[in-house]
Amino acid sequence: MFESLTDLVSSSPWTYAAILCVAAVDAFFPIVPAETMVIAGGVLAANGDLKLSLLIPAAAIGAVLGDHISYTLGRVFGDRITGRLFTGKRRKHLERAERLLELRGGYLIVIARFIPGGRTATTFASGVLKMRLLRFTSWDILAGVIWALYASLIGFFGGKAFEDNPTRGILAALGIAFGVAGAIEVTRWWRKRSATRRAMANPPHEEAGVPTGSDTPEVDARPTPDA
């Protein structure tokens, strides 16, 4: 893919449009390697083949457009496509996103952009739950810009570190990106495990004033004689 992108840069002025489109498609169809392509673009920017001043906006705009397509699908079609799109293991992403959106909203939109599969589930769930468009857009723009900066700069500094060998630059940048993604997943797993342990160690207390078990007084069901 890196070699193909290099050829594209040297032969066509439409590289930024291609990156924008890939970032958009990846947002609602998370199979296209948008992050890898943006990182590769950053490596090429370090070698002077691309400009960061155009790469970052292209990646951010594509990400935001794609997120809004996913949001619109959730808002318009809702439950009609939930059963088809989020089946099997994917279903848990949607259910988790729905629960957390009610509690954390915009913060989750930003964090989910760095979780593979999580961004699609979160933006789709935002539409299903009818999150206000203005609120969704404001948070999503922030998420898209941060993501574009992150992927582009990782590639750029990786390319600078290996100017004589761009392939090593992109491998180093991808290693950092995978490391960050792995750290996020480990943190999420650890927090979930800790929460489960706390819940098991501190079960819900019984309602005050309601005796249970053998302490429950027997009620005399015999009729009371008239005075």
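Descriptive notes on the structure:
- Linear extension gain, Trp190 paired with Val76, 0.36 nm per residue minus alpha-carbon span: 37.5 nm
- Put in line by how crowded their Cβ is, counting other Cβ atoms within 10 Å and starting with the fewest, Leu52, Leu134 read Leu134, Leu52.
- Using the Cβ-Cβ distance between Phe29 and Leu149 with R0 set to 22 Å, the FRET efficiency works out to roughly 0.40.
Values in this text are rule-based calculations from the coordinates and carry no lab data. This one's a predicted model, so the numbers in the text were calculated from it and none came from an experiment. Cβ: placed from backbone, ideal geometry, glycine included. Neighbour counts: every protein chain shown.
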